[in-house]
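Take a look at the structure set out below.
The values are calculated or read from the model by the stated rules, or taken from the named source; none is laboratory data. Source: prediction; values computed, not measured. When we count neighbours, we look across all protein chains shown, and the Cβ atoms used for this are built from the backbone with ideal geometry, even at glycine. What goes into the accessible areas is simple: the full protein's heavy atoms, side chains included, and nothing from ligands, DNA or RNA. Shrake-Rupley method; radii C 1.70, N 1.55, O 1.52, S 1.80 Å.
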Amino acid sequence: MGEPSRPAVILGYRYYVAEAREIGMNEAVAAVSEQRQWDRLMAMGALGAIPGNGVNRACLTDLDRRARRLLIGWAKEIGASVSVDAAANLWLRRDGSDPHASPVVTGSHMDTQPNGGRFDGIYGVIAGFEALTALHDAGVRPRRPIEVVAWTNEEGGRFAPGCMGSMAWSGFRRIEEFADVRDSDGLRFGDALAAHLSAESDLPHRLLGGEPHAYVEAHIEQGPRLENEGIDIGVVTGIQGSRWFTVTLIGDTAHAGTTPLSLRRDSVQDMIRAISALNTLMYDPHDVLRFTVGRVIVEPNTSNSVANRASFTIDFRHPDKTVLLARGDAVVGVVQAAVRDASVTVEETFHALPVSFAPSVIDAVERAAAAQAFRHMRLPSGAFHDAQFVVPVCPTGMIFLPCHKGISHNPAEYSSPTQLAAGTRVLTQVLAELAA
Ligand code: GLV
Ligand code: MN
Ligand code: MN
């Protein structure tokens, strides 16, 4: 096997070099193919392509199934075994030399935002699979099995909230709890899941849950820090907390030309009052807090009728648990106090506390980035990821790589083939080390 195109080790890592040779780590890293990975990402990006190089591939749609089948076809070429669990999480596995050893798991998600890009999520799945392919091509078989997982519905774009697959796998929520969540066409998540599992019934079934030795997820940063600071690899230290709410206001519809304002129960006007009060609640002079109203539905949604129904979503995030709990818990009271005429309900649909990653995985990522002479830095994640729900189950970490101007959840999302390959080389080294 040849050496990697970049120096595999730097001075000060002599002991590590010897160990790396023993487990074939350098050979596996050298076998990572930038071109093959890029071609696979582009093939995935064609499934649900939208103008401007974007992708719209919602979870549990026909496009999602086609993407999964494409991946399964590639997995079969390297003899990886394939299985699916009750949350439709898709698992690819390459056995290790010890049949009793617990696996090292990597992966991410294959669904996108409606106006998404070609890398958010799918990169982590393809990178994990590229690492598996590289280990296969280099003839390296670590002691532990390595599994690549494609978690179901990370985005929450079709069925909210996101991370349903990883929440169900980790036992944080039961998959049945999501059955009645509906998409914008009124289709139930439970029905979409059942239809998907029945279409995939030829695949071996595996139990939901597990006790991996470790989990590491590769992802584009989705923010501008790495690019701005000229860094190749982000060593992710943790993920900030998120809380999602849906606020629904019910008033009365009425004629816009004839009904005096004093007699109206206008749900849109109350929505404006509520959002304005929430902006005050969420004000943060340090600009650390994230507060987004991203989805608004108004009925009957005509220009000459007062709206009888308005609903909007709140996506609120903060790295400090105290702030996340205090301001999140204040949402209901602030909305109720602000609303004048409509009746209001506030439902919390997602609640993920901030997490810190395991020092053992953080150190392994940092060591691999240093050994491959990549410029690297530690940073927390502003986006949530499936890794957040794996934290209580096993030592967990993430690898970030830069993306152009930090743009994400946007068709313009872009990382270069070389940047993406750098992340995968680091991932391959980390997986080989953790699985040794
Ligand atoms: C994940 O897509 C997030 O919204 O952080
Ligand atoms: Mn993602
Ligand atoms: Mn996303």
*Per residue, the convex hull volume that the Cα atoms of the stretch 339-436 enclose (Å³)*: 156 Å³
*Would you list His385, His255, His351 from the most to the least accessible area, probe 1.4 Å?*
His255, His351, His385
*For the stretch 219-323: rounded, prolate or oblate by the Cα gyration tensor [a/c cutoff 1.5]*: prolate
*By what distance, in whole Å, do the Cα atoms of the chain stretch along each of the three principal axes, largest value first?*
81, 50, 39
*At a Förster distance of 41 Å, what's the computed FRET efficiency of Asp39 paired with Arg188, Cβ-Cβ distance as r, to 0.05?*
0.65
*Keeping the other protein chains in place, figure out the carbon and sulfur percent of the accessible area of the chain, with a 1.4 Å probe.*
52 percent
*Relative contact order [Cα under 8 Å, 6+ residues apart], the chain, whole percent*: 24 percent
*Take the alpha-carbon centre of the stretch 81-128, take the same for the stretch 247-318, and report the distance between them in whole Å.*
39 Å
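What share of the DSSP beta bridges in the chain is antiparallel, in percent to the nearest 5? Display every interim value, and only then the final one.
Working: 46 of 67 bridges.
DSSP beta bridges in the chain are roughly 70 percent antiparallel.
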*Just check the stretch 130-284 against the gyration tensor rule for me: Cα atoms, a ≥ b ≥ c as the square roots of the eigenvalues, rounded for a/c under 1.5, and otherwise prolate or oblate depending on whether a/b exceeds b/c.*
oblate
*Accessible area of His409 in the full protein assembly, 1.4 Å probe (Å², nearest 10)*: 90 Å²
*Pairs of Cα atoms under 8 Å, at least six residues apart: use those to get the relative contact order of the stretch 44-116, whole percent.*
40 percent
*Kindly provide the GluC sites (Glu not before Pro) of the stretch 220-267 that DSSP labels as loop, not H, G, I, E or B, and whose Cβ sees at most 14 other Cβ atoms within 10 Å.*
Glu229
*Tell me, what HN-Hα J-couplings in whole Hz come from the Karplus equation 6.51 cos²θ - 1.76 cosθ + 1.60 at θ = phi - 60° for each residue of the stretch 271-286, using x for Gly and Pro?*
4, 5, 4, 5, 5, 5, 5, 5, 4, 5, 4, 8, 4, 9, x, 8
_For a quick check of understanding: with a 1.4 angstrom probe and all protein chains in place, what accessible area in square angstrom does Lys76 have, to the nearest ten?_
130 Å²
_Relative contact order %, the stretch 337-402, counting alpha carbon pairs below 8 Å whose residues are six or more apart_ = 42 percent
